[in-house]
1. Run the reach check for residue C:36 against lysines, Cα to Cα strictly under 25 Å, same-chain hits fewer than 8 apart removed. What comes back?
2. Can you pull the mean other chain C-beta count within 10 Å for peptide A:87-94?
3. Cut-off under 27 Å on the C-alpha distance; same-chain residues fewer than 8 positions from residue B:356 excluded. Which lysines are left, in chain and number order?
4. Could you check the simple spin-label distance between residue B:335 and residue C:171, using points 7 Å along Cα→Cβ, in nm with one decimal?
5. Using a Gaussian network model on chain B with a 10 Å cutoff between Cα atoms, which of B:259, B:364, B:94 fluctuates the most?
6. How high is the relative contact order of segment C:149-243? Use alpha-carbon pairs under 8 Å, at least six apart in sequence, and give a whole percent.
7. Would you please give the FRET efficiency between residue B:177 and residue B:278, computed as 1/(1 + (r/R0)^6) with r the Cβ-Cβ distance and R0 = 25 Å, to the nearest 0.05?
8. Using Cα centres only, tell me the gap between segment A:169-222 and segment B:83-101 in whole Å.
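Every number here is computed from the coordinates shown, using simple stated rules; none is lab data. These numbers come from a predicted model, not from an experiment. Here the Cβ is made from the backbone with ideal geometry for all residues, glycine too, and neighbour counts use every protein chain on show.
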Amino acid sequence: MSQNITPEVTSRRNFLKKFGITVGAAGAVTSLGLLSACVNDDDEMVSLLTTDGQTVQVKKSQLKVNLVEMQERGREGIPGKKYVMVIDLAKCLNARLCMAACQGAHHLKPEQHHINVLQMQNAEGTGFYYQPKPCMHCDNPPCTKVCPVDATFKRQDGIVLIDNERCIGCRFCIAACPYSARVFNWSEPKYVEGDENRVYDIELNVPQKKGTISKCLFSADQLRVGKLPYCVSACPNGTYWFGDANEDAVTNGTSKETVRLSTLLHENAAYTLMPELGTKPRVYYLPPKDRLFDYQNTEKNYLGEEEHGHHA
Amino acid sequence: MSEIKSQEEQKVIFEKIRKDILRPVMSISYGYKLWVGILLTIIAVAVWAYYYQLRDGLMVTAMRDYVSWGMYIATFVFFVATALVGMLISAVVGLLGKKWIIPISRIAEMIALAFVMMAGIIIVVDMGRPDRLLNVFIHGRFQSPIFWDITVVTTYVTISMLLLFLPLLPDLGIMRNHLKKDIPAWQWNIYNILSLGWVGTPNQYKILHRTIRVLLVLIIPVALAIHTVTSWLSAATLRAGWDSTIFGPYYVSGAFVAGSGAVLIAMYFIRKAYKLEEYITDESFNMMGKLLVLVSLVYLYFNLNEFLVPGYKMKTADAVHLHTLFVGKYAFMFWATQIGGLFLPIFLSLFRKMRKPFPMMLIGIAVVLGAWFKRFIIIIPTLIHAHLPIQNVPQEFHEYNPTGIEITITIGVIAISVLIFTILVKLFPVIPIWETAHEKGVDIEKNL
Amino acid sequence: MHTIYKLVIYSSISLLWVGSVQAQNWTISEEERAMKMTVEYTEAIQTEGKAIFEKSCKMCHGDLIVSPVNDRVLPIAPNLGATSIQSANSDGEFYGKISNGKGGMPPFKAALSPDDLWKVIAYLRTSYAAYVPQGAAAPSEAVAIFEGTIKSLTTTFDTAAKQFVVQLNAVDLAGNPTYAMNVKVDLLFKTSFGYLPVAKGVKSNSKGQVLIADPNIQPDSTGHIIVKAQTADLAVSEEKVIAYGSPWVWDSPLNHRSLWGTSANTPIWLLATYLSVVLGVWITIFWAILQLFRIWMLRER
């Protein structure tokens, strides 16, 4: 359903807004912060959409400056934060709006999942449940350990990012990740034609690039402007809690209710995926007790659609 | 060095050795041209296939998000494994003072060089962004096994070249002195330059022997490192089938088996094509057969540990993996490599009658094929079983069936390594003239 | 960027739903319809009901008082505080509907006990002035209700007593300043993505003060927090930055040398081992190359 929409135009507008760049209607470029007004020999012009919906020409050299600073800022992370996600498995009804919102925001193909809702069953004879699976943003990440070029790295706010301007496509991180959280651009990405002039945003990993890795970013671009991640705010069922562990508070993406992280984890006996691997995930799960759907019927999800899940 | 021979006798013996070994250098046969032609054709087709891979991305392969490493990495491991034989023959057996390796040590070194060079190339073929290769040097990360691998591969290539080149010096001197009239000027010029003005003075020999000896000692840890680090590419992950503490020695012992097989094949065909029966003797095959049994038994021991121990416990993920290998989708390939590439070669090579050139060549082929498929078995089935269920992806993500383009490129890269070897054995004497002559009682310092 | 996008998703989902949902009717048995509340209609029960409501219902139906309903669910779940809904349903009908669900609303029979269900209904009824408790529900206890107007709130943190003090500034019906007593106040603390309630519905004392014991929250690195005090009916609120707790220093994990760190933060032992081994090997290699040069120097001229 998301295939018909090309959000790059509106995104560019957001992009300009987000970084406080004002592009005047007369075509004069005012630089605030990132977009420096230096004039370079590189005279190639790039069209950008301003906040008031007009197209202006900006020199490519100016965008390059922008890229460097965005890369630096993206690698640094947000000081003092320690982002954490809590997924309430009892609430997940497999609506998959998280997956759709994520794929739309990150320009992913239908088979590329930064977040994937899995149909799980812990043992034979037990009921099934739906388990959204983003990147765990491990505190002992096996993926960043193996990267030969620092293309994937952990930031100070705990988020594991990928720099597809640097990634050499060796896919060692895919082999190393036990949560299968990483995807690869095996061919040209989806929006290659709309995205060619877009400045690469390391916190959004857009534009995607052929031959590089892509992964869940906890929507680092959203966090920078104080918003919840795309998946979290798209959920209609209140499955996701997201927040800063330093504040000991998480906010529900659906109800916007905020609770204490420690209380939530304690009361529900929260757990992490495969703790025996020592990866120290930053994504917690609340046990799928009192699920709000018929978990006996494994054939249909709550929308009445046929399920074609494969079990491990 | 047997009994002291007269000056006349020595001259005759040396003349014969020189002529026998240098004969192939002086002429190019029709068969050789045909062989090179075939290899070049294969390489041309592979280059065309690689063009498609560059244009369309790795989508043209069967690799997807779950099985994200395929034939290329399996072949990379195979190349590194086979290349280890240079160290095994020249350094380990050579430093033990075994004389039977003299006629085959250079073959082993040439195999090592050709294969380890291509190991570097196929890694680039596997990369999603080969244009960013330099990032490894610009942004290299000391914590990454890939970075270590690149370091050791480069080091091993360099030492292998030196270990091929240093013992060639006296032979290059001989070629420069004796071949001026028999070969084209450009070829003679190559030998002249490469010989570094070798005249065989005692001082030159002293330096030569000492340098070779140091490098032979040095190559042992470097070779162990190259294959141990290669094994860590898998063993450093958390996946069933790779998450093993014995992966280093398991790879190294397997490498000796693969390399011995490759040397046996090369020995047979070189001996046949160059009519070197007098030098690469039946005894050489006999000894190589014994060496093969020895390294295979060590490899068998590690196999036993690698499969029996997890098989005894049957931990969930290990159990799924082992079922696939023992009775599941990869059962045929698994048992074919274990029986055809390991059990049978050991069993057959135990008989003296089998340790003759032709049967040993056949066994060598079985061992090398088994070695390649064994690397396939090590890489792919593990990746098929992720820890979490594979869902919401197309069917092709669940399996790995190599595509034509992928197979073509792999065969092409193997063909390049064979071509490099083919050129090396044509350009340079495959058997060290001076060492052979020295062995037969010739005072090489005088007869150069 | 998401407006159009959302619309398409929601309309696709709604197409899926509306077809199946609208055709359905509530399934309520006559038995359920006739049921009477089995819990006392007291403030305590209503508060318990509110907690359950916030856990299980708020997700879709939003708050009872204000109605930020969940616009991601289609058809949009109705705001249950609305008089139209309250008047149209008997307690028994509410009970049946919550128990059995309909379309997108899951049946809560399994997740909530009958007692819990009645507590939720008791809470729902608090928004309906015309409600007459029936069955076991006793008439609600008489509470002295403050009749004047709250003008503003002022929050301070009493470091010595370790408590927050919310002072209500109120006027009585005649417009004279007075102490507002028995007014329910919430205290919230601003977090990255929302407001964390540290106290809910605490009543003011005879001095028009609400005292809230130190809830032990984490201040930002400068030792400040943003608190928001509001009356429970959300009529008056105040948000301000106050000094609380002591400043702390952010220990960035990037500063640690670790295997997962960047190349700039390679563990020293690894770097030293790696470099010394590689250096040692390559020095030997260059020595060997030097020997080649020496051999060349010994050539016959």
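1. Cα-Cα hits under 25 Å: C:50, C:55, C:58, C:97, C:102, C:109, C:119.
2. 1
3. B:16, B:19, B:98, B:99, B:272, B:275, B:290, B:374, B:426, B:440
4. 9.5 nm
5. B:94
6. 30 percent
7. Taking R0 as 25 Å, the efficiency between residue B:177 and residue B:278 is 0.65.
8. That distance is 48 Å.
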